[in-house]
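Q: The structure is given below, and queries will be raised subsequently.
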2 protein chains.
Amino acid sequence: MHEIAATLTQQLGPDKVATDPVLVREYSQDRAPDRPEAPALAVVFAGSAEDVQTTVRACAAAGVRVVPRGAGSGLSGGAHAVKDSVIISLERMNRILDVRAEDEVAVVEPGVVNADLNAAAAEHGLMYAPDPASFTFATIGGNIGTNAGGLRCAKYGVTRDSVLALDVVLADGELVRLGHATFKGVAGYDLVALLVGSEGTLGIVVGATVRLRHLPVKVVTIAAFFPDLPSAAAGVLAVGRARVQPAIMELMDRASIEDADALNGTAFASRGSALLLVQTDGFGADAEAAVVREVLREAGGALADESSLRAGSSDAERFVLIRRNNRGSGAEDRLRVGEDVAVPRSLLVDYAAELERIAAEYRVGMKLVAHAGDGNLHPTFWAEPQPGEEEAAVADLDRALDDSVRVALAMGGTITGEHGIGSFKLRWLGWEQSERVRELQRGIKDVFDPHGVLNPGKAI
Amino acid sequence: MHEIAATLTQQLGPDKVATDPVLVREYSQDRAPDRPEAPALAVVFAGSAEDVQTTVRACAAAGVRVVPRGAGSGLSGGAHAVKDSVIISLERMNRILDVRAEDEVAVVEPGVVNADLNAAAAEHGLMYAPDPASFTFATIGGNIGTNAGGLRCAKYGVTRDSVLALDVVLADGELVRLGHATFKGVAGYDLVALLVGSEGTLGIVVGATVRLRHLPVKVVTIAAFFPDLPSAAAGVLAVGRARVQPAIMELMDRASIEDADALNGTAFASRGSALLLVQTDGFGADAEAAVVREVLREAGGALADESSLRAGSSDAERFVLIRRNNRGSGAEDRLRVGEDVAVPRSLLVDYAAELERIAAEYRVGMKLVAHAGDGNLHPTFWAEPQPGEEEAAVADLDRALDDSVRVALAMGGTITGEHGIGSFKLRWLGWEQSERVRELQRGIKDVFDPHGVLNPGKAI
């Protein structure tokens, strides 16, 4: 047992420190395609803010690094172990401390699962808006670490827009409170927004006050099949031009529909080569849905039987669930990589065409789903090499990924819409941000963590 | 003429540098109740990012400080001159460079007036959501500097939620681009959110890409008079409990209604002692308004004649305009101070009662308006001393302000919901934030501006 593991076991008790190699290896990585630098030295299962403080202090004193972890559902390596590190799992800190329905806020520990918070909020007619595909197991703390998005962002915002205050353990173990419990507040710099999406590199979130939104009184689901991707993308723009703001507007290409069919036993691919899935919600849901149906029909969409898409009906739910699960649940690897770029919405069609060109050029597979309402695309690239040709295939896949990122940036886009940089996307960060902008971020990192204790080498 | 003025005149040309004492004095302050440290040495009217870079470089080299300024509509002293400073007015950089309707974004220079951007967006069925009371003359750059709020925040968010990318001149004159042109983006730390609300202390915004929202297809205005403030506040909570999210929900107390009557020749005070002004908008506006009317009636509200409140009717507009102009247009001073606290919404009634107690205790006048939907209150305190008793009155007023802030903090609130800290509220910042949190902010300031060139002594 490494010395730090012994120290932590002594300070926290044996039930909070794990060194079993199998468990440690499992906790040393998230779902990113790349692999961690090295397995961690130990995993701490923190039960309280004090446990986190104790761990951070002990690690800082011993020159050991600390990597915070929620459910490990991240897709960019933000929770990957680094060399000489201890993982702090926040999953046991899973209490919903307060749901203040009149104020429309909740106070939670970081290990609360997104879906559990939503279930608790629903009892009061409220919801927690950010809904990453992993919401059934991802934690609020992890969502905060990556500034997680999801399907409902275009209407309800991303994680940052729902976080009001944070309790944070700093790199020297001190506990501070950032932000305010009110919807509005502009006292000093917005450190909450700075911490959200910082992937545990500036502090470890041990508590959060989040804003809740109204659970919509009504939800209408519309599924429209199109003959091809360009016409579906034109449908996206037509909905925008009609000035309807859907809660969800998801785009799936033919390969994604076929994948979904294989996974779910459906036969959607026989109905079209691109699927646009739209949900309107709230008091105007019906009126908005009527407009959406009209413009999608005009754009050449074939609407799925409306009676089968009544809100809450099994078919409507099934459509949305199929989309939510579309990435599949397995971890990715270097032969199968899901991307997460965003482009200005008007360029969805052009970008999708570029993706097809890139896949053909490098002879790799490609399928596409997109949060079309906000221009956030998740193409998945994969290679299926013959034995002995793996390395060449990986090189081709990497070149395809590089090109897909380069084109997104040339269109005014970003290399990550909602997954974060972690370790996996660091190689592209310099393509998006100038050296001076990166230097400013390193300066901020130094202010918060001068000795590089917290998740070093990630995010920036 | 001070040496820096001569240098800048030589480098920028005489039409961009003003040293006339009357003009300089006018540009050396915003609308805060406190006074600037000292008048500026000169005012630069920048016409381009290059002008800003030139000015910052010249000032940095000469050890002169730089204070950026939009329209000077701020209420906390963020644009007040500091000792040995040059004001950079951005008001001439007032071009709307692009309205990309399909993408629902606009690209603007910082001196664009909020209302002008809204007018340009409206041609495309879009709007720029943040709407501070000063929107007819305040600039987007100034709104970004203070993270301005307004009436529509509870539904549409504050300035930070509408800013996607910024072009920023740093303290050494270098120009950097922060953020992304897409709705979503999580590459690295959220420096845009850090800059928004930083009051020109970290950089000078010379360009912004902002998100636009849909202009609502319909707006319904509801005005309800209540016998007293507690019953109106109960109405606010009842609307929330009915899970309706109004676009606007404004509360005025009796003194504010009387002021409005005097200013506008109306006789609203005869109809009740508290006014709740609600707007619903969008496709669900009518359905939402029906619910709002019902719950407000149940809460004891007397609804103004509905036929006179048709959307767009002069009466409906008049109600909203009266509220928007309620603060009056004069600058404040030490005998008349408008506050800007926020408390959790459920405590509106309790806090309003405390305000009345405090005003009585210190024998000062008090009137109250509130963005009730998000718990952001604007009480105004004033004193009308007899000649010779001014100093005692100021002392009483200050004690009343201090108490009002203390009580808001004790309720879990904040000392500023949307006006910013500037210079005026610095005395309370330590009551809200721990020394360590303030130290982190000073560290960030040092990273961006190690020599204290940019608006030193403000915001943090």
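Please treat every number below as a calculation from the coordinates, not as lab data. Model, not experiment: these values are computed from the prediction. Glycine gets a Cβ as well: all are built from the backbone with ideal geometry, and neighbour counts include every protein chain shown.
Q: Please work out the Kirkwood hydrodynamic radius for the range A:327-420, using every pair of different C-alpha atoms, and report it in angstroms with one decimal place.
A: By the Kirkwood definition, the hydrodynamic radius is 13.3 Å.
Q: 7 Å along Cα→Cβ for the label point: how many nanometres lie between B:Gly457 and each equivalent label in the other copies, listed shortest first?
A: Copy-to-copy label distances at B:Gly457, shortest first: 4.6 nm.
Q: Enumerate the lysines that A:Lys367 could reach by cross-link, defined here as Cα to Cα under 30 Å, with residues fewer than 8 away along the same chain left out.
A: Reachable lysines: A:Lys155, A:Lys425, A:Lys458, B:Lys184.
Q: How far apart are the B:Arg442 label points across copies, placing each 7 Å from Cα toward Cβ, in nm, shortest first?
A: 2.6
Q: Hey, how many Å between the Cα centroid of the range A:380-425 and the Cα centroid of the range A:64-119?
A: 28
Q: Would you list A:Val343, B:Val320, B:Val44, A:Val210 from fewest to most Cβ contacts within 10 Å?
A: Ascending number of Cβ neighbours within 10 Å: B:Val320, A:Val210, A:Val343, B:Val44.
Q: Would you kindly work out the equivalent ellipsoid of the range B:141-291 from its C-alpha gyration tensor and give its semi-axes, the square roots of five times the eigenvalues, largest first in whole Å?
A: 38, 19, 13
Q: Still on this structure, I have one more. How much of the pair distance distribution for the range A:3-89 lies past 15 Å, counting alpha-carbon pairs only, in percent?
A: Numbers: 1911 of 3741 pairs.
In whole percent, the long-distance tail amounts to 51.
Q: Nearest 5 percent is fine: what portion of the DSSP beta bridges confined to the range A:3-89 is antiparallel?
A: For the range A:3-89, the DSSP antiparallel bridge percentage is about 20.
Q: Rounded to a whole number of µm²/s, how large is the Stokes-Einstein D of the range B:201-242 at 25 °C and 0.890 mPa s, given Rh as the Kirkwood radius over C-alpha pairs? Walk me through the numbers before you get to the answer.
A: Working: Rh = 15.0 Å.
D, rounded to a whole number, is 164 µm²/s.
Q: I've got another one for you. Just grab the label-to-label distance for B:Arg363 and A:Ala119, each label 7 Å out from Cα along the Cβ direction, in nm (one decimal).
A: 6.1
Q: Can you list, shortest first and in nm, the gaps between the label point of B:Glu50 and those of its counterparts in the other copies, using a point 7 Å from Cα in the C-beta direction?
A: Values, ascending and in nm: 6.3.
Q: Using a Förster distance of 25 Å, how high is the FRET efficiency between B:Arg25 and B:Glu3, based on the Cβ-Cβ distance and rounded to 0.05?
A: 0.80
Q: What GluC sites (Glu not before Pro) in the range A:84-186 are in a loop by DSSP, with at most 13 other Cβ atoms within 10 Å of the Cβ?
A: Numbers: sites: A:Glu91, A:Glu102, A:Glu104, A:Glu123, A:Glu174; in loops: A:Glu91, A:Glu102, A:Glu104, A:Glu123, A:Glu174.
Here the sparse-neighbourhood loop sites are A:Glu123.
Q: Counting other Cβ atoms within 10 Å, keep those with at most 14, restrict to DSSP loop, and tell me which GluC sites (Glu not before Pro) in the range B:349-423 are left.
A: Counting only loop positions with at most 14 other Cβ atoms within 10 Å, the GluC sites (Glu not before Pro) in the range B:349-423 are B:Glu389.
Q: Please sort through the DSSP H helices of chain A and keep those with an alpha-carbon extent of at least 24 Å along the long axis and a Kyte-Doolittle average not below -1.0. Mind showing how you got there, number by number?
A: Working: long enough: A:390-410 (30 Å, 0.19).
In chain A, the long hydrophobic H runs are A:390-410.
Q: Expressed as a whole percent, how much of the Cα-Cα distance distribution for the range B:217-326 exceeds 21 Å?
A: Percentage above 21 Å: 28.
Q: What size of dipole, in debye to the nearest 20, comes out for the protein assembly as shown about its Cα centre when the only charges are +1 on Lys and Arg C-beta atoms and -1 on Asp and Glu C-beta atoms?
A: Numbers: 90 positive and 126 negative charges, 47 e Å.
Value, rounded to 20: 220 debye.
Q: Continuing with the same structure: To the nearest 20 debye, what is the magnitude of the charge dipole of chain B about its Cα centre, counting +1 on the Cβ of each Lys and Arg and -1 on the Cβ of each Asp and Glu?
A: I would put it at about 580 debye.
Q: Kirkwood-based Rg over Rh for the range B:96-214 (C-alpha set), two decimals? Before the final figure, lay out the partial values.
A: Numbers: Rg = 13.1 Å, Rh = 14.0 Å.
Dividing the radius of gyration by the Kirkwood radius yields 0.94.
Q: Could you tell me what fraction of 2.2 N^0.38 Å the Cα radius of gyration of the protein assembly as shown comes to, as a two-decimal ratio?
A: For the protein assembly as shown, the normalised Cα radius of gyration is 0.94.
Q: Then there's this: Once the Cα gyration tensor of chain B is diagonalised, what are the square roots of 5 times its eigenvalues, in whole Å and ordered largest first, as equivalent ellipsoid semi-axes?
A: After scaling each eigenvalue by five and taking roots: 37, 27, 20 Å.
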